[in-house]
There are 2 protein chains.
Amino acid sequence: MQEKLREHFEKIISLTDEEFAFVLSHFTFRKFKKHQYLIQQGDPVNHTFFVVSGLLRLSHTDANDKEHILLFAMEDWWVSDDHAFLTGTNATMSLDCLEDTGVFCITREDNRKLFAAMPKMEHFFLKKSHFGYIALQRRLLALLSSSAAERYQQLLMQYPSLIQRVNKTLLAAYLGVSRETLSRLTS
Amino acid sequence: MQEKLREHFEKIISLTDEEFAFVLSHFTFRKFKKHQYLIQQGDPVNHTFFVVSGLLRLSHTDANDKEHILLFAMEDWWVSDDHAFLTGTNATMSLDCLEDTGVFCITREDNRKLFAAMPKMEHFFLKKSHFGYIALQRRLLALLSSSAAERYQQLLMQYPSLIQRVNKTLLAAYLGVSRETLSRLTS
């Protein structure tokens with residue numbers, strides 16, 4: 001488990017054993033069962049999470065009780081309600097487990113301390129943040145410019161395993177189409 | 001001009017006169033006329049830009065020659081084709097001026113050198129990147145969950161001055177609706 005976190009950091013920065021031990025001391029490992037919530041819309045958000053195993057859904061339920069899926073977080077992803085986590089406000093999104101899930105958690109305070117003590121962790125998260133931004137920009141562009149059929153094909157190509165792990169109702173909420181439209185695309 | 005850049009950095013980090021002079025030495029200031037391109041889709045992207053004055057459009061033209069607007073960049077915004085800038089690949093977006101525009105430019109290489117020499121610049125850009133990510137997430141959520149009328153109202157509230165500065169054809173391309181739909185919303 002710890003090795004997964006270390007390998008993940010070492011894709012971008014190098015860490016001595018002592019440095020990694022120091023980094024690790026800011027995290028706690030937790031297991032959640034399928035259907036458990038890590039964040040509930042409306043509640044305070046005290047942690048950001050690194051997914052070691054399993055699958056999570058980050059979603060927003062609107063005023064009409066319709067659920068919209070921002071993203072599915074798999075192994076090696078960082079996920080939280082970023083706005084709430086960074087600003088200390090309450091969640092406008094929920095994060096729940098679609099499979100049994102193992103995560104490393106870090107609090108806002110420990111995150112701040114880690115950054116202050118180790119500038120190269122900011123370097124790491126700047127890179128991650130850039131690539132998260134780019135991925136989101138591509139998704140936005142796909143929503144603006146592609147048909148539902150094209151968006152489904154893109155998803156298939158980008159995350160082939162996701163299609164196996166997520167049911168069609170959820171995929172439809174992610175793609176921003178009705179369940180019926182998705183069935184037509186995939187039948 | 002330089003003061004605008006300094007004030008912008010000092011919203012998040014503090015800089016001595018010597019430090020700011022060092023930071024500034026990595027940037028060049030350039031002026032562009034309305035209709036000029038800073039980035040053209042398909043070309044290499046060597047700079048990221050800080051907007052001192054004016055208004056820019058970041059857009060993608062799809063295979064059917066339809067234009068989609070990712071964002072409008074105004075005073076105090078950082079803008080580039082981030083994916084192309086960060087990875088050294090060719091642009092999948094264009095960046096052009098909707099008004100006469102003044103920008104500070106930094107190259108990928110100078111950006112790298114600045115980060116290596118001054119970790120607090122990474123701290124600055126990590127904060128900016130986080131808030132850019134959050135803004136993009138909200139836009140994505142709005143596209144998934146809101147009607148065109150609601151998205152137009154959100155834009156009015158968030159950037160009232162933008163509505164005065166951008167014509168309706170461009171606003172429609174940003175909101176992901178037809179020009180006719182937008183006319184109905186605003187008449």
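In region B:139-156, how many are among the aliphatic types (A, V, I, L, M) and more than 7 Å from chain A (Cβ to nearest Cβ)?
Step one: filter region B:139-156 for residues among the aliphatic types (A, V, I, L, M), giving B:140-144, B:148-149, B:155-156.
Now drop any that are not more than 7 Å from chain A (Cβ to nearest Cβ), which leaves B:142, B:148-149, B:155-156.
Of the residues in that region, 5 qualify.
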Just one of (1) under 23 Å from B:Val177 (Cα atoms); (2) touching an Asp or Glu at 6+ places or on another chain (Cβ under 6 Å); (3) touching a residue at least 40 places away in the same chain (Cβ under 8 Å) trips up B:Ser145, so point out which. (3)
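Per-residue answers, yes or no, for (1) over 26 Å from B:Phe115 (Cα atoms); (2) within 14 Å of another protein chain (Cβ to nearest Cβ):
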residue	(1), (2)
B:Lys66	yes, yes
B:Leu70	yes, yes
B:Leu86	no, yes
B:Cys97	yes, no
Scanning region A:139-157 residue by residue, those open to solvent by less than 60 Å² (accessible area, probe 1.4 Å) and of a type in the set (D, E, K, R) turn out to be A:Arg139, A:Arg151
Would you check if there is a residue in region A:39-60 being acidic (Asp, Glu), out of contact with any Lys or Arg (no Cβ under 9 Å at 6 or more places or on another chain) and free of Cβ contacts under 8 Å to residues at least 24 places away in the same chain? no
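Using the structure shown, decide if B:Phe29 is within 30 Å of A:Pro119 (Cα to Cα) and open to solvent by less than 10 Å² (accessible area, probe 1.4 Å).
Values: within 30 Å of A:Pro119 (Cα to Cα): yes; open to solvent by less than 10 Å² (accessible area, probe 1.4 Å): no.
So B:Phe29 fails the test.
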From the set of residues in region A:39-50 that are farther than 8 Å from A:Ser94 by Cβ and either open to solvent by less than 30 Å² (accessible area, probe 1.4 Å) or of a type in the set (S, T, N, Q) (or both), which is nearest to the other protein chains (Cβ to nearest Cβ)? A:Thr48
Have a look at B:Ser53, B:Ser59 and point out the one that is open to solvent by less than 10 Å² (accessible area, probe 1.4 Å), over 19 Å from B:His123 (Cα atoms) and touching a strand residue (DSSP E or B) at 6+ places or on another chain (Cβ under 9 Å). B:Ser59
What number goes with the only condition from (1) touching a residue at least 60 places away in the same chain (Cβ under 8 Å); (2) buried (at least 16 other Cβ atoms within 10 Å of the Cβ) that B:Phe22 does not pass? (2)
What is the residue count in region A:93-138 for residues that are touching a residue at least 12 places away in the same chain (Cβ under 8 Å), hydrophobic (A, V, I, L, M, F, W, C) and surrounded by fewer than 17 Cβ atoms within 10 Å (Cβ to Cβ)? 1
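So that you can scan it fast, the table gives a plain yes or no per residue for (1) of a type in the set (Gly, Ala, Ser); (2) within 18 Å of the chain's Cα centre (by Cα); (3) within 9 Å of chain A (Cβ to nearest Cβ); (4) within 25 Å of A:Ser59 (Cα to Cα):
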| site | (1), (2), (3), (4) |
| --- | --- |
| B:Phe104 | no, yes, no, no |
| B:Met121 | no, no, no, no |
| B:Gln137 | no, yes, yes, yes |
| B:Gln158 | no, yes, no, yes |
| B:Lys168 | no, no, no, no |
| B:Thr181 | no, no, no, no |
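In region B:3-16, how many are assigned to a helix (DSSP H, G or I) and open to solvent by 100 Å² or more (accessible area, probe 1.4 Å)? Reasoning before the result, please.
Taking region B:3-16 as the starting set, the residues that turn out to be assigned to a helix (DSSP H, G or I) are B:3-10.
After this cut, where a residue has to be open to solvent by 100 Å² or more (accessible area, probe 1.4 Å) as well, the list is B:3, B:7.
Final tally of qualifying residues: 2.
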Looking only at region A:26-51, count every residue that is outside any strand (DSSP E or B) and among the charged types (D, E, K, R) and tell me the total. 3
Among the numbered criteria (1) over 26 Å from B:Asp96 (Cβ atoms); (2) open to solvent by less than 30 Å² (accessible area, probe 1.4 Å); (3) more than 9 Å from every other protein chain (Cβ to nearest Cβ), which single criterion is violated by B:Ala172? (1)
Does region B:73-81 include one or more residues that are open to solvent by 50 Å² or more (accessible area, probe 1.4 Å), closer than 26 Å to B:Val177 by Cβ, touching a residue at least 12 places away in the same chain (Cβ under 8 Å) and under 11 Å from the mean Cα position of the chain (by Cα)? yes
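The values are calculated or read from the model by the stated rules, or taken from the named source; none is laboratory data. These numbers were taken from a predicted model, which means no experiment stands behind them. Neighbour counts are summed over all protein chains in view; Cβ atoms, including those assigned to glycine, are modelled from backbone coordinates with ideal geometry. Please note that ligands, DNA and RNA were not included when accessible areas were found on the heavy atoms of the full protein model with its side chains. Shrake-Rupley method; radii C 1.70, N 1.55, O 1.52, S 1.80 Å.
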